[in-house]
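Report on the structure given below.
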Amino acid sequence: MSDRIIAIVPAAGVGARANAQGGQTPPKQYRLLAGEPMLRLAVKALLADRRISQVRVAVAPGDVRAEAVLAGLPRTVVRPCGGSTRADTVLNALREPDIGERDWALVHDAARPGLPADALGRLIDACLSDGTGGLLALPVADTVKEGTERVSRTVPREALWLAQTPQMFRAGALRQALRSAALRHTPVTDEASAMEAAGHKPLLVRGAARNAKLTWPEDFEWMEKWL
């Protein structure tokens with residue numbers, strides 16, 4: 001059916017910035033938070049909405065952890081299709097033949113385990129009634145400065161947003177946008193940026209502070225307390 005929602009979780013990275021000690025520390029998606037791997041928590045957050053038909057976790061070829069970490073979760077599969085970049089990983093996942101042009105692809109960071117169910121629901125509701133799709137984001141609350149060592153100017157913040165995930169678009173349109181960006185060597189930082197480069201204007205749907213991305217070692221400490 002045309003409104004089938006397939007969630008894609010790109011989890012092929014090594015999480016170097018979150019690795020406080022270096023060496024043989026596992027990639028950050030497997031770090032424990034409140035006793036559970038972060039990847040499992042992120043997938044469980046997606047499974048909270050029954051409208052998501054399936055969660056596909058895209059890992060690096062040879063990754064042997066994901067299957068065990070996600071064992072027992074319903075509507076969840078692991079795909080060893082990870083690429084050298086996030087965009088490559090998502091595009092590889094979208095190339096599976098059972099994903100139709102009109103299916104919805106809902107892409108979510110493994111490093112956002114605190115996604116609230118109401119924020120996910122808001123995004124799905126908004127996108128299902130829109131022709132393009134959109135993303136969760138938060139309006140910028142702080143004063144924004146531009147500069148290097150010294151301030152060159154203060155940037156008006158009224159129209160500025162901090163992008164989050166999930167980001168939800170028709171699978172065919174997102175696949176084409178990512179493919180075109182790769183051919184043109186256009187920098188892609190998230191799915192919305194690929195869609196923007198293809199001429200689309202994604203919806204901005206208010207996200208949540210709890211949906212922050214865990215990037216640095218100290219991020220895990222405050223998220224664990226929040227969970």
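The values are calculated or read from the model by the stated rules, or taken from the named source; none is laboratory data. In this text the structure is predicted, and so the values were computed from the model without any measurement. Cβ: placed from backbone, ideal geometry, glycine included. Neighbour counts: every protein chain shown. For accessibility, only protein heavy atoms count, side chains too; no ligands or nucleic acids. Shrake-Rupley method; radii C 1.70, N 1.55, O 1.52, S 1.80 Å.
Please go through the range 139-179 and give me each residue that is more than 24 Å from ALA208 (Cα to Cα), in contact with a Lys or Arg (Cβ under 8 Å, 6 or more places away or on another chain) and buried (at least 19 other Cβ atoms within 10 Å of the Cβ), ordered by number.
Listed by number, the residues that qualify are ALA171, ARG175.
Got a sec? Which of ARG75, ARG65, ARG56, ARG50 is surrounded by fewer than 19 Cβ atoms within 10 Å (Cβ to Cβ), free of Cβ contacts under 8 Å to residues at least 60 places away in the same chain and in contact with a strand residue (DSSP E or B) (Cβ under 7 Å, 6 or more places away or on another chain)?
ARG75
Kindly list the number of the only condition in (1) open to solvent by 30 Å² or more (accessible area, probe 1.4 Å); (2) in a helix (DSSP H, G or I); (3) of a type outside the set (A, V, I, L, M); (4) within 17 Å of PRO27 (Cα to Cα) that fails for THR89.
(1)
For the range 113-136, give me each residue that is surrounded by fewer than 21 Cβ atoms within 10 Å (Cβ to Cβ) and under 17 Å from LYS201 (Cα atoms).
Hits for the range 113-136 are ILE124, ALA126, LEU128, SER129, ASP130, GLY131, THR132.
Yes/no per residue for (1) free of Cβ contacts under 8 Å to residues at least 60 places away in the same chain; (2) in a loop (DSSP other than H, G, I, E, B); (3) among the aliphatic types (A, V, I, L, M):
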| residue | (1), (2), (3) |
| --- | --- |
| SER84 | yes, yes, no |
| GLU101 | no, yes, no |
| PRO113 | no, yes, no |
| ALA119 | no, no, yes |
| ARG122 | no, no, no |
| ALA126 | no, no, yes |
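Return the residue satisfying two criteria in turn: it lies in the range 181-195 and is under 13 Å from PRO166 (Cα atoms) and of a type outside the set (A, V, I, L, M, F, W, C), and of such residues it is most open to solvent (accessible area, probe 1.4 Å).
Going through the range 181-195, the residues under 13 Å from PRO166 (Cα atoms) turn out to be 190-192.
Checking the rest, the ones that are also of a type outside the set (A, V, I, L, M, F, W, C) come to 190-191.
Working: ASP190: 24, GLU191: 3 Å².
Residue satisfying both the conditions and the ranking: ASP190.
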